[in-house]
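A short write-up of the structure that comes next.
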Amino acid sequence: MQNKKESKKMESLLSPLGYLVVHREATIEEIAKHTQKNYSTILRATSELCEKNLIHYRLERTAPRGKELRVYGISFYGLVFYLQRPRSIRFTVPEIREIAKAHEDMLLVFKKWDKFIKTDCEQEIFTRLAQALTTEYQYNVERYAVVMMSTLSIAYRREDENMRQVAFDSLVLGFFYMNNPVEHVKESVGKKDWNSLEKIWRVVESDYDLRKKRDAFLDYLMIEHNEGLKAISGWRKYLKQ
């Protein structure tokens with residue numbers, strides 16, 4: 001009986017979440033109309049999704065002196081949860097195209113999706129995206145686990161979500177491999193995956209925004225390593241005293 005209740009609750013949450021996955025923004029009325037759900041049901045579900053930070057809203061005034069209307073949009077956490085939820089049907093390339101178009105302001109890889117299509121690199125970036133979603137879900141599993149709880153037990157800061165989005169782009173684009181020697185990465189990922197990474201990196205090299213993100217990541221690695229070397233040097237001096 002409890003499982004049935006939880007299943008029904010999850011269904012009510014997934015309905016508005018699923019609509020916002022492929023739409024940039026929507027009102028309660030629009031979500032209710034397109035999902036064919038009762039207005040009050042959608043209102044309750046969106047309130048809970050907001051509490052769990054899977055969606056957010058902004059206020060839009062309908063007239064100069066009219067009341068403010070809530071316009072809802074999905075968060076990065078909401079997108080990851082929806083695409084990685086337990087027992088979900090695996091998403092397809094056309095579905096990700098639609099999501100990327102709706103949320104190109106969320107991730108750089110979404111903004112540049114057409115570029116990957118034009119350079120015949122869509123399948124490679126799609127595969128990397130699917131892997132990155134699994135990694136992100138597992139990395140933040142405690143946050144996603146609270147969806148079925150009555151209250152949110154994990155503190156939320158918007159800057160944390162922004163950091164996860166930045167890290168996610170770098171994960172999809174394969175930049176995190178650049179923390180290790182080239183030959184080691186080649187050997188560890190295997191020929192097929194290495195060829196896919198090289199194909200993605202050629203697209204990165206040809207695009208200003210993607211190249212800028214890669215170089216910023218490499219600069220970050222250099223600073224981290226330089227600071228690490230300074231710390232080691234300092235400890236060596238200290239230990240010799």
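Quick notes on this one:
- Screening 95, 25 for residues that are out of contact with any Gly (no Cβ under 9 Å at 6 or more places or on another chain) and of a type outside the set (Ser, Thr, Tyr) leaves exactly one candidate, 95.
- Residue in region 123-135 that is farthest from residue 169 (Cα to Cα), counting only those that are surrounded by fewer than 18 Cβ atoms within 10 Å (Cβ to Cβ) and either at pLDDT below 95 or over 15 Å from the mean Cα position of the chain (by Cα) (or both): 123
- Members of region 150-176 that are at pLDDT 95 or above and of a type in the set (Asp, Glu): 169
- Number of positions in region 203-226 that are closer than 18 Å to residue 104 by Cα and either loosely packed, with under 14 Cβ neighbours inside 10 Å or touching a residue at least 60 places away in the same chain (Cβ under 8 Å) (or both): 7
- The sole residue among 43, 59, 54 that is surrounded by 21 or more Cβ atoms within 10 Å (Cβ to Cβ), outside the structural domain of residue 138 (by TED's automatic domain parsing) and either closer than 27 Å to residue 135 by Cβ or not aromatic (Phe, Trp, Tyr) (or both) is 54.
- Matching option when the condition is outside the structural domain of residue 20 (by TED's automatic domain parsing), at pLDDT below 90 and surrounded by 17 or more Cβ atoms within 10 Å (Cβ to Cβ), among 141, 147, 109, 80: 147
- Count of region 198-232 residues which are hydrophobic (A, V, I, L, M, F, W, C) and touching an Asp or Glu at 6+ places or on another chain (Cβ under 8 Å): 1
The values are calculated or read from the model by the stated rules, or taken from the named source; none is laboratory data. What you see is a predicted model, and the numbers here were worked out from it, not measured in a lab. No Cβ is skipped: glycine too gets one built from the backbone with ideal geometry, and neighbour counts run over all protein chains shown.
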